[in-house]
Each structure stands twice: as structure tokens, then as C-alpha cells.
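The values are calculated or read from the model by the stated rules, or taken from the named source; none is laboratory data. Note that the structure is predicted; figures quoted are calculated from it, not measured. Heads up, the Cβs are rebuilt from the backbone with ideal geometry, glycines too, and the neighbour counts pull from every protein chain shown.
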Amino acid sequence: MGELIQFLAFILALVFTLTIHEASHALAAYYLGDPTAKLAGRMTLNPIKHLDPIGSVIFLLTRTIGWGKPVPVNPANFKHPVRDNALTALAGPMSNFVLAFAVALPWKYLGGVMPEFLTLFFVMTFHVSIYLGIFNLFPFPPLDGSKIIGLIVPQRWHRQYAEYLHNGVKYFVAIILIDAFILGDLIGFSIFGYVMTYLHDLIAMVLLLGT
């Protein structure tokens, strides 16, 4: 297929994957007792509600790292705030791995008879889902991993942890851009890209073996 068709399939896969990721956060929060995301209109499969301009552009530029618009969550509504906030955060990456497994099935067993573009879309969705799931498990705000680690942060450090969640986004974006576009020229590869590719290949192999 031409490059334009492949790029279109990638864009559709990215929008689809980000939508499932963010809607899963909203759904998990709602069932754990927090209706904030639902009231904000985020418990939906409408992609416009979920796309983050910065995270989407970075994914388009790097093809491996990015994120959606953070889902609003009020931990005070949870019965177990720390645990349930972490579970809500974990729902996004886990939905990506489930989605990757789901699209691997028709790709693997029906790829020879499906329309070529649909097969390409499934392939793109498989890889984008894995990359998005892995990347969002890193413990840096605004990524989901930064909330998941709240499970192991001692109570006496919660104030510093809250400040980290609030102020860490701008520094993380700067680190990502430096890693992707400056370190790549200086040392010949992106550190994040190297780690992401290694983990992606490992998880992709496991998922495909599981089908």
C-alpha cells in the first residue's frame, strides 16, 4: 500500500486506541464510585472528547510515545481512594493490551480474506495499542504510571507526591522532546524509544503466541 494509505490507517488506529484507553479510565472510575468523568462527558467512545493535542502530536512525531487527555477523577468519591485511583489509572493501559489481543485474532486468522485496508488497520491498532499501554505505565505525570505508584508511596510523602503529580508534566514533556529529537542525534538513538521497542517486541510476541 502507499504511504498515504498507511498513514491514514495509523491515524485511525491512534484515534481508536486513545479513545478506548481514556473511556476505560472513565468507566473504571464510575464503577468504583466516582461519577466525575461521566458527568464531564468522558465515558464515551467519541474520540473528540479524549484527544490531547500535545500527546497526540508527540505520538504522530515519534510513532511510539503519546497520551490522551487526562480523565478527571475525584479520589474523594472512592471508598478506598489510593487503591481505587490506582485501579482507575491501570484500566487505561490494561485496555490497550486487551485491545491488542482482540485485534490480533482477526488479523492472524482472517488476514488473508479481509480487505487489505482492514487488515492494515488491525495491524496498526495492534502495535499502537501495545506502545500506548507500555508508555503510559511509566511513572511520570501525566502518565497513568504516576498514579499507579501512589500505591507504594508512604503516607508521609503524599504532599511531595501530590506536588510531583501537579508540576511534573512540563518537565516530562521537555525530557521526552530532548530524548526524541536531541539525544537521537547525539548518541544515535532515543533512550525511551529503545526501551519502548524492546518491551513492545516482548509483549507483541507473548500476545501473538496467546492467539
Can you list residue pairs whose Cβ atoms sit under 9 Å apart, with the first residue in region 185-203 being under 16 Å from I175 (Cβ atoms) and the second being at pLDDT 90 or above and among the β-branched types (V, I, T)? Count only pairs 6 or more apart in sequence or on different chains.
V195/I134; M196/I134
Please verify whether region 63-73 includes one or more residues that are buried (at least 19 other Cβ atoms within 10 Å of the Cβ), touching a residue at least 60 places away in the same chain (Cβ under 8 Å) and outside any loop (DSSP other than H, G, I, E, B).
no
Does at least one position in region 44-54 carry a residue that is part of a helix (DSSP H, G or I), among the charged types (D, E, K, R) and exposed (fewer than 15 other Cβ atoms within 10 Å of the Cβ)?
no
Counting only residues that are at pLDDT 95 or above and among the β-branched types (V, I, T), which one in region 77-113 is nearest to D144 (Cα to Cα)?
T88
Can you report the number of residues in region 131-169 which are within 27 Å of S95 (Cβ to Cβ) and in a helix (DSSP H, G or I)?
19
Could you go through region 172-191 and let me know if any residue there is in contact with a Gly (Cβ under 6 Å, 6 or more places away or on another chain) and part of a loop (DSSP other than H, G, I, E, B).
yes
